[in-house]
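The block underneath contains the structure these notes are about, expressed in structure tokens.
The values are calculated or read from the model by the stated rules, or taken from the named source; none is laboratory data. Being a predicted model, the structure only gives us computed values, none of them experimental. Neighbour counts are summed over all protein chains in view; Cβ atoms, including those assigned to glycine, are modelled from backbone coordinates with ideal geometry.
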Amino acid sequence: MKSHAATANGRGSEFELQEIEPGRFVLQGELGFASVADALKKSARLFSGSSRAVFDLSGIVRVDSAGLALLLEWQRRAREAGVGLEYIHAPAQLLAIARVAGVDRIFS
């Protein structure tokens, strides 16, 4: 099991991405402005060597528009790599932000 943790120094924001099996990931913690830059750096190779990636979002306890932007970036990178991408168990807060932004289709 691989673990990619992103912690924002001094802000108390922590985000963890774990690969529980090849191509299947669990996200936990806060996914927002304080953690996404580090999370993006640590996720550079997520879409290599797999034809499909599933992200379980049920462990996200707080999210903002930066977190949504990260998920959209992962979607773009997966598409470029020819990897099928699915987000499952998105929290209500994330769905609401995506709906307002007009990008809630990424969760269907």
For segment 59-108, name all the residues that are polar (S, T, N, Q) and over 17 Å from Val36 (Cα atoms).
Ser108
Pairs under 6 Å by beta carbon, first residue within 10 Å of Asp56 (Cβ to Cβ) in segment 85-97, partner among the hydrophobic types (A, V, I, L, M, F, W, C), six or more apart or different chains?
Glu86/Val54; Tyr87/Phe55; Tyr87/Leu57; Tyr87/Phe107; His89/Leu57; Ala90/Leu57; Ala90/Phe107
Of all residues in segment 62-108, which are outside any strand (DSSP E or B) and of a type in the set (Phe, Trp, Tyr)?
Trp74, Phe107
When only residues in segment 44-80 that are of a type in the set (Gly, Ala, Ser) and touching an Asp or Glu at 6+ places or on another chain (Cβ under 9 Å) count, which is nearest to Phe25 (Cα to Cα)?
Ala53
For Ala39, indicate whether it is crowded, with 16+ Cβ neighbours inside 10 Å and at pLDDT below 85.
no
Only one residue in Val54, Val83, Val26, Val36 is closer than 18 Å to Ile97 by Cα and of a type in the set (Val, Ile, Thr), so which one is that?
Val36
Go through (1) out of contact with any helix residue (DSSP H, G or I) (no Cβ under 7 Å at 6 or more places or on another chain); (2) crowded, with 19+ Cβ neighbours inside 10 Å; (3) in a helix (DSSP H, G or I) for Ala34 and report which single condition fails.
(3)
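Looking only at segment 45-61, which residues are in a strand (DSSP E or B) and within 12 Å of the chain's Cα centre (by Cα)?
Restricting attention to segment 45-61, the residues satisfying the condition of being in a strand (DSSP E or B) are 52-61.
Of everything in segment 45-61, those that are in a strand (DSSP E or B) and within 12 Å of the chain's Cα centre (by Cα) turn out to be Ala53, Val54, Phe55, Asp56, Leu57, Ser58, Gly59, Ile60.
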